[in-house]
Amino acid sequence: MSNLLAPRMSAVKESPTGAISGKVRDLVKEGKRVINLGEGELDFDTPEAAKLAGIQAICNGQTKYTDVGGTIELKDAIVRKFKDENNLVYASDEVIASSGAKQIIFNAFLATISPGDEVIIPAPYWVSYPDIVNLAGGVPVIVECGEDSCFKLTPQVLEATLTEKTTWIVLNTPNNPTGAVYTARELRALADVLAHYPRVLVMSDEIYEHITYDHSHESIAAVDSRLHERTLTINGVSKVYSMTGWRLGFAGGPAWLIRALEVLQSQSTSNPSSISQAAAIAALDGGTDFLAPRMQILRKRRARVMDAIAQSGGRLSCNETEGTFYLYANCTGMIGCKTPSGKVIESDIDAADFLLDEGGLAMVPGTAFGLAPYLRIAYSIADNELEEACNLLVEACNKLS
Ligand SMILES: Cc1ncc(COP(=O)(O)O)c(C=O)c1O
């Protein structure tokens with residue numbers, strides 16, 4: 001009966017990160033002990049004020065439909081957030097709330113891409129961008145940004161990739177999966193190139209915004225005001241506020257585009273959950289002071305994983321990352337190695353399979369993010385579990401010959 005599926009389904013595959021989580025669940029069901037270093041969410045709790053606001057919303061009967069793009073109160077909170085934290089000024093018809101940042105990305109591509117339009121996606125990239133572009137009938141133009149450029153897009157590469165068919169360029173800072181964070185200087189250099197291409201839209205995915213270690217996050221539309229009119233600045237409460245399950249994302253951008261997103265949303269999911277909207281207001285208005293101790297914990301975890309990588313006998317290597325809770329470890333040193341069962345590791349997919357089978361460690365191979373051979377290690381799990389995972393990682397690497 002699968003021939004009843006529409007042709008467009010061949011343009012999209014299951015999210016590889018979701019598939020890994022499914023595999024882990026299956027192994028756990030079989031009674032195997034697996035430590036999941038593949039999950040894109042923090043183990044921290046949703047801030048208290050946000051939880052209480054959600055409960056209050058339920059008790060107060062805020063359980064009905066709201067305006068499609070979010071309540072006035074939430075839109076006001078989003079406008080305040082962009083102004084105070086990002087130096088970006090938007091009117092209330094220039095912001096929208098959706099059921100996660102993913103929905104905004106999906107609707108933005110659906111609303112703007114005509115057949116054959118090109119979308120520049122620097123690799124490694126968050127797994128969903130190319131599939132959504134494909135689904136919308138566009139052409140993902142993948143540009144490899146390797147370790148030599150700290151996994152960042154350079155102005156030279158951008159200039160060489162832009163064509164008259166380019167509709168969007170996607171920037172994701174802080175970056176999933178590499179943890180790279182663009183500086184204001186780097187963004188200005190990209191903006192200087194984009195200034196010569198006035199019809200190109202900029203998607204700035206800033207969902208990991210405050211999860212940075214050494215220098216703070218910058219928004220490209222604020223760094224260069226020439227881009228303000230054609231940048232969709234995307235954010236949400238999933239990562240910074242540990243609210244992945246509440247499904248609340250938001251964006252600021254030109255009114256014509258925000259209106260189009262609202263129209264699409266009105267014919268698909270309508271408003272994001274009224275309860276999550278109330279919780280998001282409390283989260284955004286509550287500030288980010290609660291993050292300081294969390295960042296301390298993440299800093300220690302990052303150091304612990306870096307230490308394990310250093311002890312891997314050259315099987316893995318990685319530079320210290322600038323943000324997020326991911327390390328993107330180069331696993332070239334595992335390729336060509338033999339596992340205790342005699343299998344030769346030929347790719348990062350084999351490396352991830354070996355670590356899962358031998359070490360009980362789940363991580364996502366770089367192939368899923370468009371740049372191999374790497375392993376994305378998410379250190380967003382409890383300290384004791386991470387300690388065990390690091391020991392198992394070193395042990396497993398030492399078993400390779
Ligand atoms: C770079 C990036 N953008 C967007 C999202 C989606 O976020 P949300 O949970 O708000 O849909 C994710 C989630 O993993 C992500 O890593």
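The values are calculated or read from the model by the stated rules, or taken from the named source; none is laboratory data. The structure displayed is predicted, hence computed values, not measured ones. Cβ placement follows ideal geometry from the backbone for every residue including glycine, while neighbour counts extend to all protein chains displayed. Areas reflect the complete protein model, heavy atoms only, side chains present, ligands, DNA and RNA absent. Shrake-Rupley method; radii C 1.70, N 1.55, O 1.52, S 1.80 Å.
Quick one: what does P(r) look like for the chain with 20 Å bins over all Cα pairs, in whole %?
27, 57, 16, 0
Under 17 Å from a point placed 7 Å out from the Cα of ASP148 along the Cα-to-Cβ direction: which residues of the range 160-187 have their backbone N that close?
Label zone hits: 160-161.
Using only the Cα atoms of the range 48-285, what are the Rg and Dmax in Å?
For the range 48-285, the Cα radius of gyration and maximum Cα-Cα distance read 17.3, 56 Å.
Given a Förster distance of 22 angstrom, what is the FRET efficiency for LYS83 paired with ALA195, based on the Cβ-Cβ distance and rounded to 0.05?
Efficiency, rounded to the nearest 0.05: 0.40.
Quick one: if the Förster radius is 22 Å, what FRET efficiency do LYS338 and LYS23 give, using the C-beta to C-beta distance and rounding to 0.05?
0.40
Among 289-301, 47-59, 21-33, what's the highest-first ranking by average C-beta atoms within 10 angstrom per residue?
47-59, 289-301, 21-33
How large, in percent, is the carbon and sulfur part of the accessible surface of the range 1-128 at a probe radius of 1.4 Å?
55 percent
Only bridges whose two residues both fall in the chain count here: according to DSSP, what percent of them are antiparallel, nearest 5?
Around 45 percent antiparallel, to the nearest 5.
Could you work out how far apart the two model spin labels at GLU73 and ASP45 are, taking each label as a point 7 Å from the Cα in the direction of the beta carbon, and quote it in nm?
Output for this residue pair reads 2.3 nm.
Could you grab the relative contact order for the chain? Cα pairs under 8 Å, six or more apart, rounded to a whole percent.
Relative CO of the chain lands at 23 percent.
Calculate log10 I(q)/I(0) of the range 109-168 for q = 0.21, 0.27 Å⁻¹, where I(q) comes from the Debye formula with a single equal point scatterer on each Cα and nothing for solvent.
Rounded to two decimals, the profile gives -0.78, -1.09.
Run down the lysines and flag those whose C-alpha is under 28 Å from the C-alpha of LYS83, throwing out any fewer than 8 positions away in its chain.
Those lysines meeting the cut-off are LYS51, LYS75, LYS102, LYS152, LYS239.
Relative contact order of the range 48-285: what whole-number percent is it, with Cα pairs under 8 angstrom and at least 6 residues apart? Walk me through the numbers before you get to the answer.
On the way: 444 pairs, mean separation 74.3, N = 238.
Relative contact order for the range 48-285 comes out at 31 percent.
How much length is gained if the chain between SER317 and LYS13 is pulled fully straight, taking 0.36 nm per residue apart and subtracting their Cα-Cα distance, in nm to one decimal?
106.5 nm
Rounded to the nearest whole Å², what accessible area per residue is found for the chain with the 1.4 Å probe?
Result: 43 Å² of accessible area for each residue.
Please report the spacing between the Cα centers of the range 82-137 and the range 159-180 in Å, no decimals.
12 Å
Could you give the distance between the Cα centres of the range 282-348 and the range 189-212, to the whole Å?
If you average the Cα positions of each part, the centres end up 26 Å apart.
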